[in-house]
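The values are calculated or read from the model by the stated rules, or taken from the named source; none is laboratory data. Owing to the predicted nature of the structure, the values given are computational and were not obtained by experimental measurement. Cβ sites come from the backbone with ideal geometry, for glycine too, and all protein chains shown count toward neighbours. When the accessible area is computed, the model is the full protein with side chains, heavy atoms only, and any ligands, DNA or RNA have been set aside. Shrake-Rupley method; radii C 1.70, N 1.55, O 1.52, S 1.80 Å.
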Amino acid sequence: MSAATEGRSPQQPPQQPAGQAPGRSPQAGPRPARHRTPLVGTWGLPVLTVLLFAVFALVLPDTFPTATNLRAILTNQSIPALLALGAMIPIVTGRFDLSIGYGIGLAHVVTMWLLVNTGLSWPVVFLLVLVGGVVVGLVNGLLVEAAQIDSFIATLGTGSVLYALTGWITGGGRIVPGTAGLPPAFTDLTNSSFLFLPVTFWYVVVLGVLLWVALEHLPIGRYLYVVGANPRAAALVGIRSSRTVVLAFVGSAVVTALAGVLLAAQQQIGDPSAGQSYLLPAFVGALLGSTTIKPGRANAVGTLVAVAVLAVGLSGLQQLGAAFWTTPLFNGLTLLAAVGLAGYAARRRQRAGAAAGAAGRSSGAAPGSASPAPSGPSGPSSPAS
């Protein structure tokens, strides 16, 4: 009898080899890699926002850390933030809506034309423009799902049509209200304050909270994420992918129409070229937002954080006297970085999921003992839930 087995009853478990954690048998295979929260990816962008603000506050102590500058940032970035949240919705499903830049231009022009040339009240005009957004979203969704046209091409085509409609309505010129101006209640949609902050900031907060609740805590949010992550798994669990994608495009178009109405109230003139400048910042915010808070997937809080870091960076650069071309340069470079980081985060999630699956199979789990839950935030509990 060897020294290793001497004095040990047959019922006692075998001793663990040196270097192996107690309570784990050799037949269990390699231990699955523990999921580690990507701390830098999750909180890196919020920390960068604070650092940028601190740096510009030290460099520009008389102008940057002031209430006036804060109100200017919140006022100027509210509409880009709304549009970024709208652009995020189709991105959750793995599609892109390139028509939002042209859509906001058409919405604000139509708003101005109806207010100036008809006797309709502004609430009626508001509702008509939102209904128009629903129609645009349905067209985009049906082109992508029913006609099976790639979302890039489909929304680029509808965006060009929307731009043509904008030119047809305006004739290439601006729509300027008469001497009576616009209804004060309409302009107050953007020119008033609430709790000492611009009211447009609160619109962003409300929409961000609504999208956060819908995406993170309601079944529709899980459906959107599952369709974007794994369409085959979505079909297996009974999720109607086509209807979900169409609803995503409708949501994006309605938010775009809302942003267009607010843009009309803010500018108080109809500019046919106003919307195109909002396309790039919106996608930068939505894509950069997918690299933070919930790295690897588009999310509402991350989008708002991304818009905040862009707003602080651009405000600081402009106060330092940067040239006019700095803004598109900053947005373009940030978009490239956002796409690269989003792709890296997605590949990292896929590798982690594949490693976890391989470790689970090697641990001896019986086939079919675990349900093939699709990847997503938490996976849909059931299609009917």
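Considering every residue within segment 313-325, establish whether at least one is without any contact (Cβ under 8 Å) to a residue 40 or more places away in the chain, in a helix (DSSP H, G or I) and open to solvent by 30 Å² or more (accessible area, probe 1.4 Å).
Yes: segment 313-325 contains one or more residues that are without any contact (Cβ under 8 Å) to a residue 40 or more places away in the chain, in a helix (DSSP H, G or I) and open to solvent by 30 Å² or more (accessible area, probe 1.4 Å).
Scanning segment 179-206 for residues that are among the small types (Gly, Ala, Ser) and more than 19 Å from Leu120 (Cβ to Cβ) yields a count of 2. Just one of the listed residues (Ala298, Ala259, Ala234, Ala253) is open to solvent by less than 20 Å² (accessible area, probe 1.4 Å), more than 26 Å from Arg71 (Cβ to Cβ), modelled with pLDDT of 95 or more and of a type outside the set (Ser, Thr, Tyr), and it is Ala253. If I filter segment 268-276 for residues that are open to solvent by 50 Å² or more (accessible area, probe 1.4 Å), closer than 19 Å to Leu130 by Cα and not in a helix (DSSP H, G or I), do I get at least one hit? Checked against the condition, which is being open to solvent by 50 Å² or more (accessible area, probe 1.4 Å), closer than 19 Å to Leu130 by Cα and not in a helix (DSSP H, G or I), segment 268-276 yields at least one hit.
Being buried (at least 20 other Cβ atoms within 10 Å of the Cβ), in a helix (DSSP H, G or I) and free of Cβ contacts under 8 Å to residues at least 60 places away in the same chain is a property that holds for Ala154.
Report, by residue number, each residue of segment 161-188 that is assigned to a helix (DSSP H, G or I) and either open to solvent by 70 Å² or more (accessible area, probe 1.4 Å) or in contact with a Ser or Thr (Cβ under 8 Å, 6 or more places away or on another chain) (or both). Spell out the reasoning first.
Of the residues in segment 161-188, the ones assigned to a helix (DSSP H, G or I) are 161-170, 184-188.
Within segment 161-188, Val161, Leu162, Tyr163, Leu165, Trp168, Pro184, Asp188 qualify.
Residues checked against (1) part of a helix (DSSP H, G or I); (2) closer than 29 Å to Arg232 by Cβ; (3) more than 18 Å from the chain's Cα centre (by Cα); (4) modelled with pLDDT under 85:
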| position | (1), (2), (3), (4) |
| --- | --- |
| Ile293 | no, yes, no, yes |
| Leu304 | yes, no, no, no |
| Tyr344 | yes, yes, no, yes |
| Arg347 | yes, yes, yes, yes |
| Ala354 | yes, yes, yes, yes |
| Ser371 | no, yes, yes, yes |
| Pro374 | no, yes, yes, yes |
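Of all residues in segment 294-352, those satisfying the criterion of being under 15 Å from Ala84 (Cβ atoms) and either touching a Pro at 6+ places or on another chain (Cβ under 6 Å) or among the charged types (D, E, K, R) (or both) are Val305, Asn331. A search for C-beta distances below 9 Å between a residue of segment 223-241 that is over 24 Å from Arg351 (Cβ atoms) and assigned to a helix (DSSP H, G or I) and any residue that is of a type in the set (D, E, K, R) and open to solvent by 40 Å² or more (accessible area, probe 1.4 Å), counting only pairs 6+ apart in sequence or on different chains, returns Tyr223/Arg240. Number of residues in segment 140-174 that are under 21 Å from the mean Cα position of the chain (by Cα), farther than 16 Å from Gly275 by Cα and β-branched (Val, Ile, Thr) equals 2. The residues of segment 65-95 that are of a type in the set (Ser, Thr, Tyr) and farther than 25 Å from Glu145 by Cβ, listed by number, are Thr66, Thr68, Thr75, Ser78.
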